[in-house]
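I have placed the structure first, in the form of structure tokens, so that the comments after it can refer back to it.
The values are calculated or read from the model by the stated rules, or taken from the named source; none is laboratory data. Bear in mind the structure is a predicted one, so any value in this text is a computation, not a measurement. Reconstructed Cβ throughout: ideal geometry from the backbone, glycine too, with neighbour counts over all protein chains shown. Each accessible area value is taken on the protein alone, full model and side chains, heavy atoms only, with ligands, DNA and RNA left out. Shrake-Rupley method; radii C 1.70, N 1.55, O 1.52, S 1.80 Å.
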Amino acid sequence: MPIPKLTPSEGETYDTSQKPPPFGHALKHYFAFDDDFVNLNHGSYGSLPLPVLFTATQMGYEIERNPDLFHRFKVKPLLDRARESVAKLIGAETDEVALVPNASHALNTVLRNFEWREGDVIIGATTTYGAVTNTIRYLADRSEQPRPEAVAVTYNFPLTHAQILDIFRAKLREVKQQRANTAFTDIPPLSPRPACANPQGNKIVAVIDSITANPGVLMPWQEMVRVCREEGVWTVIDAAHSIGQEPDINLSESKPDFWLSNCHKWLYAKRGCAVLYVPRRNQYIIKSSIPTAFEYYSPGSPEAKATGPNFAKQHDWTGATDFVHYLTIPDALAFREWLGGEKAINAYCHKLAMDGQKVLAEVMGTQVMDETGELTLNMPNVALPLPAEKTPGEVYTREQLKQIDLFLREQLLNKWKTYAAHYFHAGRWWCRCSAQVFNEVSDFEYLGKAFNAMCKEIKETILDDKSG
Amino acid sequence: MPIPNLPPPSGGETYDVNQNPPPFGHPMKYYFPLDDDYINLNHGSYGTLPLPLVFAATRMGYEIERNPDKYHRLVLRPGLLEKARESVAKFLEVETDEVVLVPNATHALNTVLRNFEWREGDVLIGATTTYDAVSNTIRYLADRSEQPRPEAVTITYNFPLTHAQILDIFRTTLREVKQQRSGTAFTDVPPLSPGYVAPTHPADPPRGNKIVAVIDSIVANPGVFLPWKEMVRICREEGVWTVIDAAHSIGQEPDINLGESKPDFWLSNCHKWLYAKRGCAVLYVPKRRNQYIIKSSVPTSHNYIPPNSPEAKIKGTNFAKQHEWTGTADTVPFVTIPDALAFREWLGGEKAINDYCHKLALEGGRRLAEVMGTQVMDGTGELTLNMTNVALPLPAEKASGEVYTREQLQKINLHLRHKLLNEWNAYAAHYFHAGRWWCRCSAQVFNEISDFGYLGKAFNAVCKEIEETILSEGSNERAR
């Protein structure tokens, strides 16, 4: 039978000729949250605006009217349109951009395409996202040669950008010095070519966060890319949180070797949808999409000679999937335009992050992590009112850390109906909030009240501190 | 704001479990979102999502957005996800933690093949009829620019073939592969094969070389049912690992019985014949046997366990748990699997559905061949479950290039696709195989014989057009 006719309800549609409501609680009208849910954790899973959810639903029905017609004829131009809209946002060409299910997938696509040799080094950090660290470890865990070696830079926040750069530069040099017998001659295209540049030699690949997850801090990644370029180190930028939060991303200027970001986080796209950027000069490294596609060509085959690396084309179809997430990116961007555009959105969110973190620290009697302001875009990090420890195990056992984590999660969501990410870092408990267009300062106040109550309970129960 | 007052389900979006369903055939279209005038004889390619599932998926989509943190942290795992996996495991009669859900069959296949640690001297066997993306995966692994990499070997099947013929070809090729590599010690054999030695430690490298065979249970083009269980048995005897690409099987193939057939790995798309939402597939890896091979999900997960860690001794490779979360994704296709199974139960259950579809495939194929004046591919009935393959009324060639240039083949394919979908409003897959043009039709619960008659009429007209235009350059004597 014909698909039902869908009519948008309140909040699922907006009039482009009318002004949007002001930023703050008034905008909750356009999001699907329960009224009493104080969402200060947009950063983890994103928040899908109702108008985009409605369009996605409509598209879902449309596809089912004739799946063959849709997949064989209609998808490609729509996908190209989506890719183009994202490419424009990040200063890239359309064919340097592929859409994949999520940032972890994008990261795996890059790291698993490198042909690893014994002696290669992958540099991560102690703050690298768990699944990414595990990807590096998995590659290094191959039971026999060839496999890369995993190295991690240690960052204990708070740190300034200058300090981060010092630590990073020192680590790079240490890595090379400690491996003086290895010829790191497989260097990225833009690095200064020594006389013996040799793709058959060894390489160093650095996975660098633009914005770390826990803590939620902005790193001086463009400077780190420059340092790597000088040192002949490949750069893979895990920018999962960047698109839609970080202003002025211009990849043709910063020139990382690989860059990836989740569109379903700060860009308001439907889950799961991410962008993988690979500049033309590096596309030869990405031999195969994951999964391998219909459009894969063997290197050296006549097709490969005729078309060159077909990075973008391979990613057009990597198995049947729900394309709606990718195809509704332009709808997400249009909604953001209507709200005022990237600049206006992020000016509001950034200011709210700064104001909100002050209030939160006041209510909890603690401090913000970012004293200089360098580390914060839209995600402030504030210490929780729980004891700090100078050495691991001084205050908390592993079991207690787990219990506290679970307790906070369960109580925040079920009892207090609010959420912000919470994590243990460098001996302290912290929370990471996300300031979004539907938040206001009072949300931070409420969160502080919730944390105060829960942390008091934690001290009295899990930590058994009767003195309060 | 709270999720809007969603309209209640309309028409075919809901069904009363206490009422009988309509009979199979066109009345069933009520429960599917296809355009009324679209004759869909190609369910097999992308699946057809029943309206109650579209509705359930939409509702779920809104639910998640009420509180994404609560959903992902408290509701999805283990709860909803485990319920979905359980329902599939029950369906396949295997244990819940032998089964994980991934986005599609190609992804499942890549997970298996990319987890093997390949050594120089290993052999990866596919077939000329292997699905393109799968052949390409094999080729990609063999294309590594330097050692170690497996060698790709391809078995040639030119249909029509009987099951007995297929088994002969397969057995012979396996023996040939070994004979031609008599200097290689293929001692890395699967657990149930003679000569198997279990690894003493999770971090142990593989012993010796191995042969891995990717075997279709049901091929895509042609859409034929292979004697895969027998092929698995042969491989077990020969010490060859079996990866069964069963993309089309779940919801179409009766009596899959993995516990008895014991393949090493098996994977199938739930969004094809099982009525689940796109994209959703099941990967089966028997525990106590092969899960140690799957070291990492793709992408690697938070729950990855390094083989050298103490945890590895207790949890092994943590196969099921790793696949619980491999990055933020749309989980709706996974969690609505139980809804798909419930709908199929209401329709009459697996046996009733597939009895109807199978019978229609056989009758429909015959009718189609009649209308087009050609023949069905499957002479004996062995090759057909719910997909029938019928020759198109276009010239056949005995040798490659005798009738068709590569360009003409491409043009014909595009022409058929365009005309069928945009002018005739009907579709079946079409492909060139072993010198002939064929179509592959999928018989579903919403199809009837008349659909095949109409398709035949469409093919007659379009093929006549093709002969008069694309093929009119060149004057080869046509073989019929």
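Observations on the structure shown:
- Fraction of accessible area attributable to carbon and sulfur, the range A:228-380 (%, probe 1.4 Å): 55
- Volume per residue for the range A:314-367 equals 161 cubic angstrom (convex hull of Cα atoms).
- With coordinates expressed along the principal axes, the C-alpha atoms belonging to the range A:207-248 extend over 29, 22, 13 Å, beginning with the largest.
- Sorting the Cα pairs of the range B:1-61 by distance into bins of 10 Å, from 0 upward, gives 18, 47, 27, 8, 1 percent per bin.
- Zero-based 5 Å bins, Cα pair distances in the range A:82-135, whole percents: 4, 15, 20, 20, 17, 15, 7, 2, 0
- Relative to the 2.2 N^0.38 Å rule of thumb, the range A:342-410 has a C-alpha radius of gyration ratio of 1.38.
- Mean projected area (nm²) of the alpha-carbon convex hull when the range A:148-294 is viewed from all directions: 10.4
- Annotation: peptides B:26-36, B:173-183, B:200-210, ranked by per-residue average of other Cβ atoms within 10 Å with the highest first, follow the order B:26-36, B:200-210, B:173-183.
- The apolar share of the surface of chain B, taken as the fraction of accessible area on carbon and sulfur atoms (1.4 Å probe, ligands and nucleic acids excluded), comes to 49 percent.
- Shielding score for A:125-135, defined as the mean number of other chain Cβ atoms within 10 Å: 4
- Rg over Rh [alpha-carbon atoms, Kirkwood Rh] for chain A: 0.98
- Relative contact order, whole percent, for chain B stands at 19, derived from Cα pairs under 8 Å and 6 or more residues apart.
- The orientation-averaged projected area of the convex hull spanned by the Cα atoms of the range B:366-428 comes to 5.4 nm².
- Residue-averaged beta-carbon neighbours from other chains (10 angstrom radius) around A:418-426: 1
- Using Cβ point charges alone (K and R +1, D and E -1), the dipole size of the protein assembly as shown about the Cα centre works out to roughly 1280 debye.
- Short-range pairs are left out: with C-alpha atoms under 8 Å and at least six residues apart, the relative contact order of the range B:233-372 is 19 percent.
- If you wrap the Cα atoms of the protein assembly as shown in a convex hull and average its projected area over all directions, you get 39.5 nm².
- Histogram of C-alpha separations across the range A:76-196, 5 Å bin width, %: 2, 8, 14, 15, 18, 17, 14, 8, 3, 1, 0
- Each DSSP beta bridge with both residues in chain A is either parallel or antiparallel, and the antiparallel ones are about 50%.
- In summary, the aspartates and glutamates within cross-link reach of A:Lys351, defined as a Cα separation below 16 angstrom excluding same-chain residues under 8 places away, comprise A:Glu246, A:Glu342, A:Asp370, A:Glu371, A:Glu374, A:Glu440, A:Asp443, A:Glu445.
- Contact residues in the range A:47-67 (at least 20 Å² less accessible area with all protein chains than alone, 1.4 Å probe): A:Leu48, A:Leu50, A:Leu53, A:Thr57, A:Tyr61, A:Glu64, A:Arg65, A:Asn66, A:Pro67.
- Working from Cα pairs under 8 Å separated by at least six residues, relative contact order for the range B:1-103 is 23 percent.
- Net charge over other residues, Cβ less than 9 angstrom from the Cβ of A:Tyr419 (K, R count +1; D, E count -1): +3
- Overall, the anisotropy analysis places the range B:229-351 in the oblate class: the square-rooted eigenvalues a ≥ b ≥ c of its C-alpha gyration tensor yield a/c not less than 1.5, with a/b not exceeding b/c.
- Percent of beta bridges antiparallel (DSSP, the protein assembly as shown, rounded to nearest 5): 55
- Heavy atoms of chains B and A lose about 7700 Å² of accessible surface on contact, summed over both sides with a 1.4 Å probe.
- P(r) weight above 18 Å for the range B:31-175, C-alpha pairs, percent: 75
- Chain B: C-alpha gyration tensor shape, a/c 1.5 cut-off, then a/b vs b/c: oblate
- Radius 14 Å from Cβ of A:Trp221, net charge of other residues (Lys, Arg +1; Asp, Glu -1): -4
- For the peptides A:249-255, A:263-269, B:88-94, the ranking by mean Cβ contacts within 10 Å, running from highest to lowest, is A:263-269, B:88-94, A:249-255.
- Convex hull per residue volume in Å³, alpha carbons only, for the range B:89-178: 147
- Solvent-accessible surface (1.4 Å probe) assigned to B:Asp37 amounts to roughly 100 Å².
- Computed over the Cα atoms of the range A:242-299, pair by distinct pair, the Kirkwood hydrodynamic radius stands at 13.2 angstrom.
- Lys/Arg +1, Asp/Glu -1 at C-beta; the range A:1-56 dipole; positive extreme among A:Phe37, A:Gly24, A:Pro8: A:Pro8
- Within the accessible area of the range A:1-82, the carbon and sulfur atoms contribute 54%, probe 1.4 Å, all protein chains present.
- This model, with +1 at the C-beta of Lys and Arg and -1 at the C-beta of Asp and Glu, gives the range A:353-468 a dipole about its Cα centre of some 300 debye.
- Amide H within-cut-off set for A:His425, under 5 Å, with H built and near neighbours excluded: A:Trp430
- Kirkwood estimate for the range B:296-355, i.e. one over the average of 1/r between Cα atoms, Å: 14.2
- Residues in the range A:1-26 occluded by at least 50 Å² - accessible area, probe radius 1.4 Å, against chain by itself: A:Met1
- Within the range B:282-323, the residues that become at least 30 Å² less accessible when every protein chain is included than when their own chain is isolated (1.4 Å probe; DNA, RNA and ligands ignored) are B:Val298, B:Pro299, B:Thr300, B:His302, B:Tyr304, B:Pro306.
- About the centre of its Cα atoms, chain B shows a dipole size close to 920 debye [charges on the beta carbon of Lys, Arg (+1) and Asp, Glu (-1) only; nearest 20 debye].
- In the range A:28-90, inverting the average of 1/r over every pair of distinct C-alpha atoms gives 14.3 Å as the Kirkwood radius.
- Percentage of interatomic Cα-Cα distances in the range A:279-404 larger than 25 Å: 62
- Relative packing of B:220-228, B:158-166, A:4-12, A:102-110, which averages over residues the other C-beta atoms within 10 Å, highest first: A:102-110, B:220-228, B:158-166, A:4-12
- Per residue, the accessible area of chain A comes to 37 Å² when a 1.4 Å probe rolls over the protein heavy atoms.
- Residue-averaged beta-carbon neighbours from other chains (10 angstrom radius) around B:56-66: 5
- Residue among A:Ile204, A:Ala334, A:Thr376 farthest towards the positive dipole end of chain A, charges placed on Cβ: A:Ile204
- Taking only the C-alpha atoms of the range A:16-145, the Rg (one decimal) and the largest Cα-Cα distance, Dmax (whole number), read 20.7, 63 Å.
- For the range B:382-480, the alpha-carbon radius of gyration amounts to 1.10 times the rule-of-thumb value 2.2 N^0.38 Å expected for a compact globular protein.
- For chain B, the solvent-accessible area works out to 37 Å² per residue, with a probe of 1.4 Å and every protein chain left in place.
- CD proxy at 222 nm, helix term only [per DSSP H run n ≥ 4: -39500 (n - 2.57); per residue of the protein assembly as shown; nearest 500]: -11000 deg cm²/dmol
- Listed residue pairs exceeding 22 Å between alpha carbons, taken from B:Lys29/B:Lys351; A:Lys255/B:Lys295; B:Lys272/B:Lys359; B:Lys229/B:Lys321; A:Lys88/A:Lys270; B:Lys229/B:Lys351: A:Lys255/B:Lys295; B:Lys229/B:Lys321
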